[in-house]
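Input: a single structure, listed below in C-alpha cells.
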Amino acid sequence: MQFQQLQYFVAVAETRHFTRAAELVHVAQPSLSQQIKALERELGADLFLRARGNITLTDAGAALLPLARRILADADTARQEVQELAQLRRGRVRLGATPSLCTGLLPDVLRAFHDRYPGIRLLVEEGGSHDLVRELARGALDLALVVLPLPTPAPALTTVELLREDLVVVSSPEAPVPGRGGPVLEVAELEGERLVMFRHGYDLRELTVAACRSAGFEPDFAVEGGEMDAVLGFVRAGLGIAVVPRMVAVRAGQGLRVTPLARPGLHRTIALAHRSDVAPPRAARELQHMLLEH
C-alpha cells in the first residue's frame, strides 16, 4: 500500500468522481484509476461501486476512508514537525523594537537565543511603536516589542504584556543634582531644568511631555531630536538631563548620575505583539517564549 494511493483514494471518496479527483491531486485520470485498481488488488476488495455517473463507496471503502484520512493527517503532521525543526536550524526572525529596548532588554535575550539557535538570522528593526505596528500589519515583521497603550487601535494584532518598567532621570555627574538635590525627584522639579529630548514619534518623548504638562508646565528642551545613544551622549556631555528607562540607565554604565522619580513616578508598559491572523514562524515563537520567560 502506497501513500500516494491513499491520497488518490481519499480524493475519489470526497469528490465521488474520478476526473475531478485527478484534477484535485494534479495527476492524469488514467494514472489515478490505475493506482486505485492496484490498491484494490492489494487489499483484495473493491473500494468503489462504479455506476455511470455515480461513484459510491463499498463497505470496504467506507471502512478504509477514516483510516486513510488519519494516515494522511499523521503524515502531514510529521511533515510540519520536521519542517519546523528545520526552521530552528536555519531561517530568520524579523523582530521590531523601540531603540530603548534594543539598548536595555534585547542584548541578553538575543544572545541566549543565538546560543541556542545559532543558525537563525536575527533581523532587528528599531522604531517607535507607531512605526512598528504599521510594519507588523503589512507583514514586514514577525514580532515587535511595543509600548502600551498602542498609538492607534490595532484590532488585527495580539499583544501580551511583558513588563512594567520604571523611568528615571539621568544627568551628568559633573552637573548640579537636578531639582532640589534630593535622593528622588518629583516630576514638578523638572520645571526649569533643561531636557535632552528624543525625536518626535518616540514613545519616551510623548510620555515625558505628557507628565510635565500634567504637572502644570511646558518642558524646556536643551537639545531635541536624538535617538537613545545620542540622548545619553548629550547628557554625559552636560547639555541637560533626560528621562529614560531604568534598564537603559543601568546598562549605560559610567558617566551618568541616576535619580529615581518620587512615587508614583513614571512607568511604561512593554508588550510583545504579533499579527492575530497569521501564526508567527516556529523560530519566532521560540524567541517569543524566551522573551516572556525573561
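Output the Cα-based Rg and Dmax of the stretch 86-147 in Å, rounding Rg to one decimal and Dmax to a whole number.
Using the Cα atoms of the stretch 86-147, the pair Rg, Dmax is 11.9, 33 Å.
When DSSP beta bridges are limited to those with both residues in the stretch 163-257, what percentage is antiparallel, rounded to the nearest 5?
That works out to approximately 45 percent antiparallel.
Given 10 Å bins starting at zero, what is the percent of C-alpha pairs of the chain in each, up to the one with the largest pair distance?
Computed distribution, short to long bins: 6, 22, 20, 14, 12, 9, 7, 7, 4, 0.
Residues of the stretch 176-207 with the amide nitrogen closer than 12 Å to a label point 7 Å from the Cα of Ala262, along Cα-to-Cβ, please.
Residues passing the 12 Å test: 179-190.
Which order, highest average first, do 256-263, 101-108 follow once you tally other Cβ atoms within 10 Å for each residue and take the mean per peptide?
101-108, 256-263
Given the -39500 (n - 2.57) contribution per DSSP H run of 4+ residues, what per-residue ellipticity at 222 nm results for the chain, rounded to the nearest 500 deg cm²/dmol?
-13500 deg cm²/dmol
Restrict the search to the stretch 1-73; then list the trypsin sites (Lys or Arg not before Pro) that DSSP places in a loop and that have at most 10 other Cβ atoms within 10 Å of their Cβ.
Arg52
Modelled label-to-label distance, Ala45 and Gln2, 7 Å Cα→beta-carbon offset: nm?
About 2.3 nm, to one decimal.
Return the equivalent ellipsoid semi-axes of the stretch 112-168 as a descending list in whole Å, where each equals the square root of 5 times an eigenvalue of the C-alpha gyration tensor.
22, 17, 11
Amide H to amide H under 5 Å from Leu185: which residues, 5+ apart in sequence or cross-chain, H placed 1.01 Å off N in plane?
Under 5 Å from the amide H of Leu185 lie the amide H atoms of Leu261, Ala262, each far enough along the sequence or on another chain.
Calculate the FRET efficiency for Ala78 and Phe221 from the Cβ-Cβ distance with a Förster distance of 45 Å, rounded to the nearest 0.05.
Given R0 = 45 Å and the Cβ-Cβ separation, E is 0.15.
Give the Cα extents of the stretch 17-86 along the principal axes, in whole Å, largest first.
47, 25, 19
Can you quote the Å³ per residue value for the convex hull of the Cα atoms in the stretch 1-45, rounded to an integer?
58 Å³
Once the convex hull of the alpha carbons of the stretch 56-212 is built, what does its volume come to per residue, in cubic angstrom?
189 Å³
Taking the highest mean first, how do the peptides 72-78, 118-124 order by number of other beta carbon atoms within 10 angstrom per residue?
Highest to lowest by the protection proxy: 118-124, 72-78.
Express the C-alpha Rg of the stretch 141-294 as a ratio against the empirical globular expectation 2.2 N^0.38 Å, rounded to two decimals.
1.16
Values quoted throughout were computed directly from the atomic coordinates according to the rules given, and no laboratory measurement underlies them. All figures in this text were calculated on a predicted structure; none of them were measured in a lab. Every residue, glycine among them, receives a Cβ derived from its backbone with ideal geometry; neighbour counts consider all protein chains shown.
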